[in-house]
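A short reminder: the numbers here are calculations on the coordinates, not readings from a lab. No experiment lies behind these values; they were computed from the predicted model shown. Here the Cβ positions follow ideal geometry from the backbone for every residue, glycine too, while neighbour counts run over all protein chains shown.
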Amino acid sequence: MNKLALVSAVAASLALPIAGHAAEQSDHTFTGNVGIFSNYIFRGVSQTSEKPAVQGGFDYAHASGFYAGTWGSNVSWLSDFTAYTGSSVELDVYGGYKSTIGKSDFGFDVGGIYYYYPGDKNTSLSADTTEVYGALSWKWLTAKLSYVTGDYFGIADADGTMYFDVSASYPIGKSGVTLLAHVGSLKMSGTGNDVLDYTDWKVGATYALPKDFIIGAVYSDADADETLYSPTGENWVSSQVAVYLQKTF
């Protein structure tokens, strides 16, 4: 073997492990998202009195299936109800474990979430809420049950309140369009709280743009008692619409 061939062989042998190391994928994934929404709708109820919201969050996922994240949005419902003074932020912290079931198209997700609302309270009740949840999924279809441990967004004696929902996110081939559908049911726990029970539903669509941008629009409605869920003269539950632009990174 001449000197040139020897040098080439040594270089190739040194490059192989380097290339193999570079090809390895990390067990840790960090992602983020930020979006501008014309209306923040949560479980069929507007959280911003049908006004715009800026939302964003960060997520961590491990290859084992464990995940954690945080998310935030501006809100107005607490100050609109005069329950808080100057409270305009919702901050969520969540974590759990999700995986597929064997080699099938089925999956599961179990975890918990804490909804935090900073601000000065005008009552003895806090809107902060803790839920645990479990979900089963199949391809683009998901069924989820959320269980409240404690008060429910400022409603006392609500331990055991449940929200069950089924949602679909169906991609239309390679068009970039995804159709959205959702139906949910809130069952309040506690003496006299059943007047707050309701069912909500939502339909919509998103379109994927270049550079990880998404535009979307949804229409939502609910059969909740508007006198209980909306301040006088406001509409927070009927015929809610939201359009948005979101980016993931």
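Normalised by the number of residues in the chain, the mean separation of alpha-carbon contacts (under 8 Å, six or more apart) gives a relative contact order of 15 percent. How big, in percent, is the set of alpha carbon pairs in the stretch 196-249 lying more than 14 Å apart? The calculated P(r) of the stretch 196-249 puts 61 percent of pairs beyond 14 Å. The Cα atoms of the stretch 135-237 cover 51, 36, 22 Å along the three principal axes, with the biggest extent listed first. Relative to the current alpha-carbon distance between residue 106 and residue 143, full extension at 0.36 nm per residue lengthens the span by 12.2 nm. Across the stretch 37-46, rounded Karplus estimates of 3J(HN,Hα) from the backbone phi angles (6.51 cos²θ - 1.76 cosθ + 1.60, θ = phi - 60°) give 10, 6, 6, 9, 10, 10, 6, x, 10, 5 Hz, Gly and Pro being marked x.
Each residue of the stretch 211-225 was assigned a 3J(HN,Hα) from its phi angle through the Karplus curve 6.51 cos²θ - 1.76 cosθ + 1.60 (θ = phi - 60°); the sequence is 6, 6, 8, 9, 10, x, 8, 9, 10, 10, 8, 8, 9, 5, 6 Hz, with glycine and proline shown as x. A 28 angstrom limit on the alpha carbon distance is what I want to check against. Which of 144/211; 139/174; 103/174; 98/187; 98/202; 98/121 exceed it? Result: 144/211; 98/121 exceed 28 Å.
Note on residue 243 and residue 25: the model spin-label points, each 7 Å out from Cα along the C-beta direction, lie 3.7 nm apart. Computed FRET efficiency, Cβ-Cβ of residue 136 and residue 58, R0 22 Å: what is it to the nearest 0.05? So the FRET efficiency works out to roughly 0.25. Between helix 3-23 and the chain there is an angle of about 10 degrees, using the helix long axis and the longest principal axis of the Cα atoms.
Between the labelled values (1) 17.3, 52; (2) 23.1, 91; (3) 19.7, 64, the entry that holds Rg and Dmax of the Cα atoms in Å as derived from this structure is (2).
Taking GluC sites (Glu not before Pro) as candidate sites, keep only those in a DSSP loop with at most 15 other Cβ atoms within 10 Å, then name the longest stretch of the chain containing none of them.
On the way: sites that count: 24, 234.
That gives 25-233 as the longest site-free run.
I want to verify a result. In a Gaussian network model of the chain, Cα cutoff 10 Å, which of these has the top mean-square fluctuation: 137, 175, 73? In the Gaussian network model the winner is 175. Phi angles of the stretch 190-205 translate, via the Karplus equation with coefficients 6.51, -1.76, 1.60 and θ = phi - 60°, into HN-Hα couplings of x, 4, x, 7, 5, 5, 8, 5, 6, 10, 10, 8, 8, 9, x, 7 Hz per residue; Gly and Pro are given as x.
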